[in-house]
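Okay, structure first, notes after.
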Amino acid sequence: MDNQRIAEIFEEIADMMDIKGEDFFRVNAYRHAARVISNTPYDIADAYAKQKRIGKIPGVGKALEEKIIEMIKTGRCTFHDELIKGFPKGLLDMLRVRGIGPKKVKLFFGELQIHTLAQLKKAAEDGLLQKLPKMGKKSEADILRAIQDYEAMPHERKLLHEGLLEAQKIINYLRKAPGIVRIQYAGSLRRGVETIGDIDILSSVKNAEKNVKLIGEIMEYYAKYPEIGQVINRGDTKSSVLLKSGLQVDLRVVDDTIFGAALHYFTGSKAHNIHIRERAKKMGLKVSEYGVFKVSGKKETLVAGKTEEELFAKLGLPYIIPEMREDQGEIEYGLKHKKMPIAIEFDDLKADLHTHSKWSDGSEEIDVLAAQYQKAGFEYMALTDHSKAVGVAGGMDESKVMKQWKEIDKVTKSFGGKFRILKGSEVDILKDGSLDFSDAVLKKLEVINASAHLHHQLDEKTQTKRLLRAIESGYVKILSHPTGRLINQRKPISFDVEAVFKACADHRVALEINSSPDRMDLKDTHVRMAKELGCKFAINSDSHHSSQMGFLQYGITIARRAWLTKEDVINTMTLKELLKYWNIT
Ligand code: DGT
Ligand code: CA
Ligand code: CA
Ligand code: ZN
């Protein structure tokens, strides 16, 4: 149980007591304690584990202290459990709407028995709220608007892509804040998780302890960021805001001498952190967001904290990239091998093997698209416009494909040997597993990406058979966006993952890591599993415009999270090597 969680529980207790109309001083004691605890500069549970006391926390009396100890020991708070019993949960939800505090909730519940947001909205629409004491037309309209804003806000996790864009913007803004030395996003965003709950930003200043005023100025500057919809919480060294886009952003300011330790802590994952702390303990060290400490008796001496590298080194570990920090064996691996596998990087890519032009549903001519790839430093690419089954995506028939080859030859020739476009197609896998082109055309295509765009609803057995037939056809080089999912929008198709991956390994069909931000398909855990089954991968953008080649970065992120090195990925090969690998002469 960390400080934040303890504070949350106290905050909820205060809210519930407040709504129930309990004594102001009692309510306030919980609220005040919550604030103090979330700003306490050491882990209270840690302190208790060591000294069997939680230490002096200003504003926390005997009764609250007992509750904290209970939470540390049992993970629960009986008082909180009792309160929540029979307490309509919807009342707490109402508190999340801007402008609605415990007093209003109590009023609406007491007078109109409103206990859900939906009921509150209806009452506002029906004009029932304006008649209540201390309310009026304007406050009713304000509440209705706040509820509408709240509802319009997506409550699901956001795409990594969206998080990165927002984080980069806000960091650029914050760089201009006074006194900031280092600044970096942390959390799931830095680990490259496909969706994020919030954005965690960490920054540092010199002599943080003496510079309280400076940190206050930074927080003030932060609160003026134009994209902010609502400031949720403003503390001394940490503030949380909700952007208009619905994303929450937490900003913390720490002392620059321990920035590395704090960055490591707030990058997580939580599971990785816990494992790191256990490792430290065994070495007589303590790792926290405040640094690495040598522990002897009651004395703790700071021995590292400025950089993450330093932190890992003190623990006898090589540097572990953020993408690997999921406690999925990275710590064991580091201890055993003293170095980590060399994770694939964007610059290892020599080609993009899934692109679309105007010939199907892309928006550029082949020469324009190819010129951009060549300019960006790629050695070759595959043009893979759609086949006829997907009419909506401008799928091409055989005769159009053959016409396109002439154009491809022409454009390739114009590069004078500096760049080559492979003749490819994103061929649909039909319902029965056959491919959408005649053998004559299939034989001549250099790169066939097979995709199951239609018939997503087939049962697992039929779907598996369908995919296996395509994989075993002998034509397919890449199985594209293998599960067909769209994050937050469309479920993956169901098939026997292991059987399909094994077949891909056996038939030299690379699994695609489709880098489209809303696809991210295959996902990291599947990639890691497929690697163990002997599969190779193609990291592709599926771009429909050259500006989307940057999406490849997300595919690289998935690959890094799955521990891939460049040897696992076919489009890190030179054109010559790849053609040899595919037996193309
Ligand atoms: P998210 O926001 O749900 O996408 O996932 P994270 O990993 O960004 O989680 P978040 O924002 O709650 O916390 C950021 C990091 O802070 C997390 O990855 C690890 C660290 N952290 C948070 N809570 C705890 C905790 O209770 N124990 C430990 N050891 N670390 C924590
Ligand atoms: Ca986070
Ligand atoms: Ca967070
Ligand atoms: Zn596709």
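Nothing in this text is a laboratory measurement; each read-out follows from the coordinates by a stated rule. Given the structure is predicted, the values throughout are model-derived calculations rather than measurements. All Cβ positions, glycine included, derive from the backbone under ideal geometry; neighbour counts span all protein chains shown.
Assorted remarks:
- Rounded to whole Å, sorted largest first: equivalent-ellipsoid semi-axes of region 1-87, Cα gyration tensor: 22, 14, 10
- Partners for LYS388 among aspartates and glutamates (Cα-Cα distance below 17 Å; same-chain residues under 8 apart left out): ASP361, ASP397, GLU398, GLU426, ASP428, ASP432, ASP436, ASP439
- Over region 77-138, the pair-distance histogram of Cα-Cα distances with 10 Å bins from zero comes to 21, 53, 19, 7, 0 percent, rounded to whole numbers.
- Among the listed pairs LYS89/LYS131; LYS169/LYS410; LYS375/LYS531, those beyond 30 Å (Cα-Cα): LYS169/LYS410; LYS375/LYS531
- Region 346-581: relative contact order in percent, alpha carbon pairs under 8 Å with at least 6 residues between: 20 percent
- Farthest positive-ward along region 378-465 dipole, Cα basis, beta-carbon charges - from GLY424, VAL447, THR412: THR412
- Tilt relative to the chain, helix 3-20 - C-alpha long axis, 0 to 90 degrees, to 10: 60 degrees
- In degrees, nearest ten, helix 212-223 long axis to first principal axis of the chain (Cα): 50 degrees
- Helix 62-74 axis, angle to the chain major axis (alpha carbon atoms, nearest 10°): 30 degrees
- Residues VAL368, VAL212, arranged from fewest to most other Cβ atoms within 10 angstrom of their Cβ, appear as VAL212, VAL368.
- Percentage relative contact order, region 137-275, counting C-alpha pairs under 8 Å, at least six apart: 25 percent
- Cut-off 14 Å, label 7 Å out along Cα→Cβ of HIS337, residues of region 544-585 by amide N: 560-568
- Ascending count of other beta-carbon atoms within 10 Å, so fewest first, for PHE87, PHE537, PHE495: PHE87, PHE495, PHE537
- Spatially proximal aspartates and glutamates relative to LYS338 (Cα-Cα < 17 Å; intrachain offsets below 8 disregarded): GLU308, GLU309, GLU310, ASP327, GLU330
- Between LYS444 and GLN489, the contour length at 0.36 nm per residue exceeds the alpha carbon distance by 12.6 nm.
- Based on every Cα atom in region 167-285, Rg and the maximum pairwise Cα distance Dmax equal 14.9, 47 Å.
- Proximal lysine pairs, region 3-84, alpha carbons under 26 Å, eight or more residues apart or interchain: 11
- Per residue convex hull volume, Cα atoms of the chain, in Å³: 193 Å³
- Going from the fewest other Cβ atoms within 10 Å to the most, the residues ILE274, ILE487, ILE170 appear in the order ILE274, ILE487, ILE170.
- Hz values of 3J(HN,Hα) by residue in region 88-96 - Karplus curve (6.51, -1.76, 1.60), Gly and Pro given as x: x, 4, x, 5, 6, 4, 4, 5, 7
- Distant-in-sequence amide H partners of ALA510 (H built 1.01 Å from N, under 5 Å): ILE478, LEU479
- Length added when fully stretched, GLN113-THR462, from 0.36 nm per residue minus Cα-Cα: 120.4 nm
- Within region 515-585: Cβ-based charge dipole about Cα centre, in debye rounded to nearest 20 (Lys, Arg +1; Asp, Glu -1): 160 debye
- DSSP bridge orientation in the chain - percent antiparallel, rounded to nearest 5: 45 percent
- Measuring against 18 Å, Cα to Cα, the residue pairs LYS270/LYS336; LYS294/LYS314; LYS400/LYS423; LYS244/LYS270 contain LYS270/LYS336; LYS244/LYS270 as the ones spanning a longer distance.
- Rounded to whole Å, sorted largest first: equivalent-ellipsoid semi-axes of region 268-337, Cα gyration tensor: 20, 12, 11
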